[in-house]
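First comes the structure, then the notes that go with it.
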Amino acid sequence: MKSIFIFAILISVMTVSCKKDYHKPLKDTVNGPAAGNPDGNYPVPAEAQAEDISVPTTVVGDGTPKSCDCESFVEAVTKGGVITFNCGSEPHTIVMDETAKVVNSANPVVIIDGGGLITLSGKGKHRILYMNTCDEDQNWTTSHCDNQDHPSLTVQNITFADGNSTAEKDYDGGGAIWVRGGRFKAVNCRFFNNVCPDKGPDVGGGAIRIFDQYNDLPVYITNCTFGGAEGYGNYGSNGGALSSIGVSWTIYNSLFTHNSAIGEGGNPKQKGTPGGGSGGAIYNDGNTMTLSLYGCKIQNNSVIQHGSSIFFVTNDHSGNIHIEDCTISSNTGGSWYAVYPSISMHDDTQVTVVNSVIE
C-alpha cells in the first residue's frame with residue numbers, strides 16, 4: 001500500500017511538472033519559423049494585403065531597444081491609428097506586463113506593423129492584444145456594438161509569442177489576441193506558443209479568438225504562421241490556433257503546424273469530462289459562416305476529440321468550406337471523419353476542394 005501511495009505522489013508531481021513545462025515561454029522566438037506557407041503562392045486580393053503605414057500616427061521607440069517597452073506600446077494602442085516601431089536595426093522583443101487594449105472611441109483604424117523585427121511576448125503570463133466593441137470599459141460607440149464597422153484592427157509583419165489568457169475570466173480564449181466586433185486582419189505574422197484555457201466545451205483559440213465581424217464579412221489571415229515547428233505550436237481547449245463563433249475566415253498562403261486542442265469531452269461535454277478537445281488548428285462554430293483556405297498547409301496538428309486539422313460545425317447546416325491549392329495531412333487524433341480525413345463537420349456541409357491534398 002505504501003509503494004502504491006508513493007507511486008501516486010510521483011505521478012501527481014510528474015503531471016504538475018509537465019503542465020508547468022507546457023506553459024513555459026520559448027527561449028528563442030527570433031529564429032523561429034518564417035511567416036507564411038513556403039509553398040503557398042495563391043494570389044491575394046487587395047483587401048487581404050498589408051495596410052499602408054507611410055504616415056504613422058505613433059512611432060514606438062526612439063531608435064534604441066530600451067525605448068521600446070510595454071508601457072509605450074500599450075499607450076500607442078490606446079490612441080489607435082497607425083503604429084510602427086523604431087527600436088534599432090536588430091530584432092527586438094517587447095515583454096508585455098499587461099494586455100494592450102484598443103479603445104473603441106479613440107480611432108476607427110488601428111494598424112500595428114512590426115516591420116518584421118518586433119516580437120510581442122506575453123511571457124507565458126498575459127494575453128497580448130484585445131479589442132471588444134461591446135466592452136463598456138473600452139467605450140461603446142454605437143447602439144449596435146455587435147455589428148459595427150469600427151475599429152478595424154490590422155496586425156502585420158510582427159510576431160506574437162507566449163501569450164496566455166488562462167487567467168482571463170470575463171472574455172476567455174484567445175491566448176495572443178481576442179476580438180469582438182469591427183474588423184480584424186493579420187498579415188505576415190507569426191504566432192508561437194500562445195495558450196488559452198485548456199479545458200471547457202466552448203472556449204478556444206490558442207492564438208486568436210474572434211466574434212461578431214461587421215456585416216459578417218470574413219476575417220483575413222494572409223501569409224501567417226501558427227506554430228511551424230516542434231515546440232512553437234499554439235494550444236487550448238479547442239482551436240489550437242484559431243477559434244470563433246459565427247465568424248467567417250478567408251485564409252491565404254498560411255502555415256498551421258504543431259497546434260493542439262487539448263480539452264476532452266467535446267461540446268456539449270460528455271458526462272464526467274471537462275469538455276473541449278476539437279479543432280487542432282481551426283475551430284469554427286455558429287451559424288451561416290464560411291471557411292476559405294487558399295495556398296495553405298495544415299500538418300502535424302492534434303486533438304483529443306474531433307477535427308485534428310479543422311472542426312467546422314454550423315448549427316443550422318448553412319455554412320460551407322472552400323479548400324484550394326492546399327495540403328492538409330499528418331494531423332492526428334480525434335474522430336468523426338465522415339467525409340474527409342482530419343476534418344470534422346456535418347456530412348451535408350458544402351465543401352469545394354480544388355487542386356488540394358487531404359489525407
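General remarks:
- Using a cutoff of 8 angstrom between alpha carbon atoms and counting only pairs six or more residues apart, the relative contact order for segment 58-358 works out to 11 percent.
- Cα pair count fraction exceeding 36 Å, expressed as % - the chain: 17
- Rounded Å value of the spacing that divides the Cα centres of segment 146-192 and segment 305-352: 24
- Exceedance of the 23 Å cut-off in Cα-Cα distance is limited, within the set K123/K297; K66/K125; K123/K169; K123/K199, to K123/K297.
- Eigenvalues of the alpha-carbon gyration tensor of segment 267-359, scaled by 5 and square-rooted, set the equivalent ellipsoid semi-axes at 21, 16, 10 angstrom, largest first.
- D62-V109 FRET efficiency (beta carbon distance; Förster radius 25 Å; 0.05 resolution): 0.55
- When the convex hull of its Cα atoms is viewed from all sides, segment 47-98 shows a mean projected area of 4.4 nm².
- Net charge of Cβ neighbours under 15 Å - reference V339; Lys, Arg +1; Asp, Glu -1: -3
- Across K66, K199, K125, mean-square fluctuation computed from a Gaussian network of the chain (C-alpha pairs under 10 Å connected) peaks at K66.
- Taking a Cβ cut-off of under 9 Å around V354, the surrounding Lys, Arg, Asp and Glu residues balance to a net charge of -2, with basic ones at +1 and acidic ones at -1.
- Tensor-based shape of segment 231-310 (alpha-carbon gyration tensor, a/c under 1.5 rounded, otherwise prolate or oblate): oblate
- Ranked list, fewest to most other Cβ atoms within 10 Å of each Cβ, for D113, D325, D28: D28, D325, D113
- Residue with peak Gaussian network fluctuation, the chain [Cα springs, cutoff 10 Å], from T142, T93, T154: T142
- Cβ crowding within 10 Å, taken as a proxy for footprinting-reagent exposure, orders W178, W140 from fewest neighbours to most as W140, W178.
- With neighbours defined as other Cβ atoms within 10 Å of a residue's Cβ, the residues T332, T57 order from fewest to most as T332, T57.
- Listed residues S344, S318, S248, most fluctuating in the chain (Gaussian network, C-alpha, under 10 Å): S318
- Once the convex hull of all Cα atoms in segment 69-174 is built, its volume per residue stands at 94 Å³.
- Anisotropy class assigned to segment 140-238 is oblate, per the alpha carbon gyration tensor with a/c at or over the 1.5 cut-off and a/b no larger than b/c.
Laboratory data are not the source of any read-out in this text; all were calculated from the coordinates shown. These numbers come from a predicted model, not from an experiment. FYI the Cβ positions are ideal-geometry reconstructions off the backbone, even for glycines, and counts take in every protein chain you see.
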